[in-house]
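> Below you'll find the structure I mean.
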């Protein structure tokens, strides 16, 4: 590993030179600055791994230095040196983004341990950012976006990845919670181990306990052999429990013990089995409300909510839409471009389905695109038709007597519109409607539309 570079910014000569000498003796490359202006210039040009700064310096004080350094794009880890009475200043420094503060007089052993933590933190943060952020060049980036909201997400991932802390990922459906889980796991010390995923809402309650904890032969009817559960399979790695709010109350107590003690018992056994895992949970629901209503254990909530990473909905990070669109187009493997009018339409939409809806919209547009250009006519924003177009789906169907007649009229109108959007191509129309081509043909015969299209 390359030698880490440390900047010591201290206006007192004796303190500055003695600290620099001690750090050089530990093998660090050390730079020094005697005032805030000199320190800021060194930070922005030399990009040191860590910076030790005194709060009170001539020309530019420590807090102003912090603000200007971060504004200039620095990702150095800052450790603020302050006298015992400067607690309010130290707190302010931490709010701005300092890694830690060091009380004076300095304890060199403590300074050294915190410096090593700060340098490792910066390394993990840089690694996670390089793998998370799609700068417009890579095709397989896990997460895309440079908005302030996403930058906060990247920073949290970088901070938590190096620990084994339990993480709760929150966000609306379609925001990319699973991508956050992947990033935390891949950038952690457990990245070489397994990452196992369990959707608590997709597995019946009667089977979920066995899925999580395993069972012994004969534990219940049809338990013909021993089964190892997901907790054991994830040993040495990460276990991801998606839709944790859907976990049945009967399983919450058993999960609580597993989270607290990292010990499980298979169904049909009283033998405790220690497990070495990192637990990540995710939900799109309001867990606080579930706790208040008695549907989710309060003690389990606090055990899961150690570190929370909240993903913003797409409507709150619209500046990321162009990068997301380009990412999905590149991933298609086709040399397809999008017109400014079509991109503008995408940027104005409110995206109730978030990034997943945008991805599906681009997939539809690729099917409909004539040649290698997507225009606004290929952008089908069904949920926003009333806002973006004078013509909306409800207006396509005149009301008639009876629910059945209305439903059939709406279905016929939808098929006609899909065929029109697909240029008469029935395969494309079936794909737009999300149905099998054979079913589309049946519907065409039912509504007397056999001659429509190709």
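The values are calculated or read from the model by the stated rules, or taken from the named source; none is laboratory data. Treat the numbers as computed from the prediction; the structure is a model and nothing was measured. Here the Cβ positions follow ideal geometry from the backbone for every residue, glycine too, while neighbour counts run over all protein chains shown.
> Which one is surrounded by the most Cβ atoms within 10 Å (Cβ to Cβ), of the residues in region 417-447 that are modelled with pLDDT of 80 or more and more than 39 Å from the chain's Cα centre (by Cα)?
Among them, the one singled out is 444.
> Being in a helix (DSSP H, G or I) and over 25 Å from residue 162 (Cβ atoms), is that true of even one residue in region 185-205?
Taking every residue of region 185-205 in turn, at least one turns out to be in a helix (DSSP H, G or I) and over 25 Å from residue 162 (Cβ atoms).
> Any residue in region 255-265 that is surrounded by 13 or more Cβ atoms within 10 Å (Cβ to Cβ) and part of a loop (DSSP other than H, G, I, E, B)?
Scanning region 255-265 turns up at least one residue that is surrounded by 13 or more Cβ atoms within 10 Å (Cβ to Cβ) and part of a loop (DSSP other than H, G, I, E, B).
> When residues of region 13-32 are filtered for being surrounded by 13 or more Cβ atoms within 10 Å (Cβ to Cβ) and part of a loop (DSSP other than H, G, I, E, B), how many remain?
The qualifying residues number 2.
> Would you confirm, using the coordinates I've provided, whether residue 66 is crowded, with 22+ Cβ neighbours inside 10 Å and not in a strand (DSSP E or B)?
Yes: the conditions hold for residue 66.
> Under 28 Å from the mean Cα position of the chain (by Cα), surrounded by 13 or more Cβ atoms within 10 Å (Cβ to Cβ) and modelled with pLDDT of 80 or more, is that true of residue 382?
Spelling it out, it is not the case that residue 382 is under 28 Å from the mean Cα position of the chain (by Cα), surrounded by 13 or more Cβ atoms within 10 Å (Cβ to Cβ) and modelled with pLDDT of 80 or more.
Let's see how each residue does on (1) under 19 Å from residue 119 (Cβ atoms); (2) without any contact (Cβ under 8 Å) to a residue 12 or more places away in the chain; (3) out of contact with any strand residue (DSSP E or B) (no Cβ under 7 Å at 6 or more places or on another chain):
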residue	(1), (2), (3)
17	no, no, yes
23	yes, no, no
26	yes, no, yes
29	yes, no, no
33	yes, no, no
41	no, yes, yes
50	yes, no, no
61	no, no, yes
76	yes, no, no
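> Could you check how many residues of region 294-312 are within 22 Å of residue 151 (Cβ to Cβ) and either without any contact (Cβ under 8 Å) to a residue 40 or more places away in the chain or surrounded by 19 or more Cβ atoms within 10 Å (Cβ to Cβ) (or both)?
The number of residues fulfilling the criteria is 3.
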